[in-house]
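The values are calculated or read from the model by the stated rules, or taken from the named source; none is laboratory data. Keep in mind it's a predicted model, so treat the numbers as computed, not measured. Cβ placement follows ideal geometry from the backbone for every residue including glycine, while neighbour counts extend to all protein chains displayed. Protein only, heavy atoms only, side chains kept; ligands, DNA and RNA dropped before computing areas. Shrake-Rupley method; radii C 1.70, N 1.55, O 1.52, S 1.80 Å.
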Amino acid sequence: MKKVTINTLRKMKQAGERITMLTAYDATFARLFDRAGIEVLLVGDSLGMVVQGHNSTLPVTMDQMIYHCANTRRGTERAHLVGDLPFGSYQASADEAVKNAIRLVAEGGAESVKLEGGVEYAEVISRIARAGVPVMGHIGLTPQSVHKLGGYVVQGRTEAKAKKLLEDAKALEQAGCYALVLEMMPAELSAEISRSVSMPVIGIGAGAGCDGQVLVGYDLLGMNPDFTPKFVKKYLDLGTLIDGAAKSYKEEVKDGTFPGPAQTFTAEPTPVLQLYSVPGQK
């Protein structure tokens, strides 16, 4: 079992081998995805929505990201582990960004960090990379800027916006990013960006022309039947299976068939006591 590193990912792009990436937020899911051979696990700030129940990623804190990274680290052996820098952890200053990136690696066990934004964050990325922390960029739809973008809408549909995203990608590579996520943009643009940079490009809602793909693990497993965006393919209807299992459990508890003999402990047989006479006693 060979460990996946940033060099592994670079070699995969050079060889034309597609990269697989999934989000994980705890040791159990990390262990399952890792054993399945997924190359990259992302502890995404998407946990704010799928784990915490918020309607955006914005409330997620640095301490929460460290906590979930550390949990996921314990279930990861082979995959490369990336941790998201949450909203507010890198926007104020490069010094703050470097400090938080180091925390995510030192305390959370991440092997690299991901942050959102284009050329305007090139200096921040350069500072983090110079501090010894690999950086994965993220452009296109950037959920931490959802209010600025006017919602969860496809990016780069006009010529001017497409040109800006291409410039962003090149600037991020120049700043020191080892990989890049493209989210919700036309497939033709994503393919052009992938051809224009030497770093691996991983898409989500960005077509098949990228060097790899990422999905939220909960979405891939179909755990939220009410969330079906266009770019998600549900490989399992786990939400329905969980619902059925919980109902079956309830029924068996109510009718007394659970726990049954197979789930019940019994006392050890009482040993036969042999009485021995003691000299001088009756």
Residue within segment 254-267 that is assigned to a loop (DSSP other than H, G, I, E, B), surrounded by 10 or more Cβ atoms within 10 Å (Cβ to Cβ) and at pLDDT 95 or above present:
yes
Determine whether segment 27-39 contains at least one residue that is in a strand (DSSP E or B), in contact with a strand residue (DSSP E or B) (Cβ under 7 Å, 6 or more places away or on another chain) and open to solvent by less than 20 Å² (accessible area, probe 1.4 Å).
no
Can you tell which of Asp243, Asp219, Asp226 is assigned to a loop (DSSP other than H, G, I, E, B) and either acidic (Asp, Glu) or touching a Leu at 6+ places or on another chain (Cβ under 6 Å) (or both)?
Asp226
Could you please let me know if Gly117 is closer than 24 Å to Thr72 by Cβ, open to solvent by less than 60 Å² (accessible area, probe 1.4 Å), touching a Lys or Arg at 6+ places or on another chain (Cβ under 6 Å) and of a type outside the set (A, V, I, L, M)?
no
Subset of segment 60-77, residues in contact (Cβ under 8 Å) with a residue 24 or more places away in the chain, in a helix (DSSP H, G or I) and among the polar types (S, T, N, Q), comes to Asn71, Thr72
I need the full set of residues from segment 190-203 which are surrounded by fewer than 24 Cβ atoms within 10 Å (Cβ to Cβ) and more than 27 Å from Ala131 (Cα to Cα), in order please.
Ala191, Glu192, Arg195
Scan segment 155-177 and give yes if some residue there is among the small types (Gly, Ala, Ser) and buried (at least 23 other Cβ atoms within 10 Å of the Cβ), otherwise no.
yes
